[in-house]
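> Dropping the structure in here first, questions after.
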Amino acid sequence: MKSSGSWRAAVSGPSEVAGPDEVAGPGSVAEAVAVQEELRPLVDLVGPGPSAPETVAGLDVAYSLGGDLLAAAVTVLDARTLAVVDSAVSVGRPAFGYVPGLFAFRELPALLAALDRLATVPDLLVCDGHGLAHPRRFGLACHLGVVTGLPALGVGKTALVGTWDPPAAERGAWSPLRDGGDVVGRVLRTQGGVKPVFVSVGHRMSLENATARVLALTPRFRLPESTRTADRLCRDALFRAEHPD
């Protein structure tokens, strides 16, 4: 997968990431919000998305203690065996300030650079973050899905918006995540007796299918294997960048 001009036009951040290209973007919070408002109508919240994907990509970002360096990682898993079949990383500087609700602008350039380095185009993107479950209904999973054109969903460890009732204790139980009268996701129990995760649609996915894909990716642990493998990879890449010797 190679970056296109349309990707670059939608990505943000007035700094740089590792890689051959620099990505220009909004220089203020107001400009970033305007980009979200412009791109939000492009989100496909219906899908239904792939019900039997061959490959699933996990995306995650690790930050240095001072926050001035990040490592973005993408791991592509065989959806049947959950074995990693491809991976890539990108190390650079955060592309935007630390502003709640605008994390996509901070991370997307590095994530897209990592996606560019894959040999495999994944069937589905699973983001460590939110999609529709966002104050402006345009979280990282929505943004990434729109600029790549790939089906995407978000899996958050904690909620960014909304209220919910605790789902039942058994694996697979869920309750609706509601915000302002809208159902913006599901609070899903991926393992019996553990804290739930927060699943929301990103792009070209239905909520029902997003829930099913997350359960398929969590046979043993609370978090999807796609997230777990990407988390390890970005942490390792960040450590190597901070300790080059």
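The values are calculated or read from the model by the stated rules, or taken from the named source; none is laboratory data. Only a predicted model underlies this, so the values are computations on that prediction, with no experimental measurement involved. Note that we place each Cβ from the backbone using ideal geometry, even for glycine, and neighbour counts take in every protein chain shown. We work out accessible area using only protein heavy atoms, side chains counted, and drop any ligands, DNA or RNA first. Shrake-Rupley method; radii C 1.70, N 1.55, O 1.52, S 1.80 Å.
> Return the residues of the stretch 187-205 that are farther than 17 Å from residue 49 by Cα and of a type in the set (Lys, Arg); say none if nothing qualifies. Reasoning before the result, please.
Start the filter on the stretch 187-205 by keeping residues that are farther than 17 Å from residue 49 by Cα, which leaves 187-198.
Residues satisfying the conditions are 189, 195.
> Here's a follow-up. Limited to the stretch 196-234, what total is found for residues that are within 16 Å of the chain's Cα centre (by Cα), more than 16 Å from residue 141 (Cα to Cα) and not hydrophobic (A, V, I, L, M, F, W, C)?
Going through the stretch 196-234 one residue at a time, the tally reaches 5.
> Let me spell it out: the conditions are (1) open to solvent by less than 40 Å² (accessible area, probe 1.4 Å); (2) under 10 Å from residue 202 (Cα atoms); (3) over 12 Å from the mean Cα position of the chain (by Cα), and residue 140 meets all of them except one. Which number is the exception?
(3)
> Out of 128, 182, 165, report the one residue that is within 21 Å of residue 47 (Cβ to Cβ) and over 17 Å from the mean Cα position of the chain (by Cα).
182
> Check the stretch 75-96 and report whether any residue there is modelled with pLDDT of 95 or more, over 18 Å from residue 213 (Cα atoms) and among the aromatic types (Phe, Trp, Tyr).
Scanning the stretch 75-96 turns up no residue that is modelled with pLDDT of 95 or more, over 18 Å from residue 213 (Cα atoms) and among the aromatic types (Phe, Trp, Tyr).
> Determine whether residue 33 is open to solvent by 80 Å² or more (accessible area, probe 1.4 Å) and either part of a strand (DSSP E or B) or out of contact with any strand residue (DSSP E or B) (no Cβ under 6 Å at 6 or more places or on another chain) (or both). Even if it seems obvious, please write down each step before you answer.
Working: open to solvent by 80 Å² or more (accessible area, probe 1.4 Å): no; either part of a strand (DSSP E or B) or out of contact with any strand residue (DSSP E or B) (no Cβ under 6 Å at 6 or more places or on another chain) (or both): yes.
No: the conditions fail for residue 33.
> Can we say residue 176 is of a type outside the set (Val, Ile, Thr), part of a strand (DSSP E or B) and modelled with pLDDT of 95 or more?
Values: of a type outside the set (Val, Ile, Thr): yes; part of a strand (DSSP E or B): yes; modelled with pLDDT of 95 or more: yes.
The answer is yes for residue 176.
> Within the stretch 179-227, can you find the residues that are in a loop (DSSP other than H, G, I, E, B), within 14 Å of residue 158 (Cβ to Cβ) and either open to solvent by less than 10 Å² (accessible area, probe 1.4 Å) or out of contact with any Lys or Arg (no Cβ under 6 Å at 6 or more places or on another chain) (or both)?
195, 222, 223
> Further question on the same structure: Conditions: (1) touching a strand residue (DSSP E or B) at 6+ places or on another chain (Cβ under 8 Å); (2) surrounded by fewer than 23 Cβ atoms within 10 Å (Cβ to Cβ); (3) not charged (D, E, K, R). Residue 169 meets all but one. Number of the miss?
Single failed check for residue 169: (1).
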